[in-house]
1. Excluding Leu128 itself, what net charge comes from residues whose Cβ is under 9 Å from its Cβ, given Lys and Arg +1 and Asp and Glu -1?
2. To make sure I understand, if each residue's beta carbon is the centre and we count other beta carbons within 10 Å, what order do Thr52, Thr81, Thr142 fall in, fewest to most?
3. For Ser144 paired with Arg175, estimate the spin-label separation in nm (one decimal), with each label point 7 Å from Cα along the Cα-to-Cβ line.
4. If you average 1/r over all unlike Cα pairs in region 85-197 and invert the result, what Kirkwood radius do you get in angstrom?
5. In a shell of Cβ-Cβ distance under 12 Å around Thr119, excluding Thr119 itself, what net charge do Lys and Arg (+1) and Asp and Glu (-1) give?
6. How much length, in nm to one decimal, is gained on full extension between Glu137 and Met10, taken as 0.36 nm per residue of separation minus their Cα-Cα distance?
7. From the P(r) of the chain, can you give the percent of Cα pairs sitting at distances over 25 Å?
8. Please arrange Thr54, Thr7 by how many other C-beta atoms lie within 10 Å of their C-beta, fewest to most.
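Taken together, the values in this text are just the output of simple stated rules run on the coordinates, not laboratory data. Because the structure is a prediction, the values reported are computed rather than measured. Don't worry about glycine lacking a Cβ; one is built from the backbone with ideal geometry, like all the others, and counts go over all protein chains shown.
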Amino acid sequence: MNYQDKTREMIQSDQWMMDCLNAAADLQLEDWYIGAGFVRNKIWDVMHGYDTRTPLNDVDVVYFDKSHYRKSSDKDSDKATDLALEQKLLAVMPGINWSVINLAYIHLRYDQQQFEDSTHAISYWPELPTCIGVRLEDDGQTLSFTEPWGIENNFSLEVKPNLNVGLSPEVYAKRIADKQWDQVWPQLQISTGVKSK
């Protein structure tokens, strides 16, 4: 099975998702994707046979603009740019909790390493099925993906911690408990993040 093609078909058949992608594409951002639950939840919904989309907490638009690199420790200097972009998206598609983040300086907010590009940053998101993004290319038709740990993680319905992140088993387990994904998608096979002895 070509997982990218399958996911592409899912998204292209969902007018709301395509509208979101068109709105984000109109911002003409550098190295951008809509990531995390936007793609992950769609796959899980389809795999569970849901006809109605599971509501998203937010729609994560991430991009990587090197002009925003900072040498200082000013963690708030570029938030205004992201907030202005969120307002542009709200003007086109109101009622959505848009979240726009420039991954070129996200390391300053969370005391992380400086990332090389969007894919590098996405590869450090805490759960493997969340490490995925999609964007609409300039032709207005082609969907491209970034999937640093493989899109098959989503189709397997397995939820595992991203070992690159280095979360303790306790912190990871609390994240999973707080999200309550198993209540929404009961077929998920969720790792506790704790290795058996």
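1. -1
2. Arranged by neighbour count, lowest to highest, Thr52, Thr81, Thr142 become Thr52, Thr142, Thr81.
3. 2.7
4. 16.3
5. Neighbour charge sum, excluding Thr119 itself: -3.
6. 44.0 nm
7. 37
8. Thr54, Thr7
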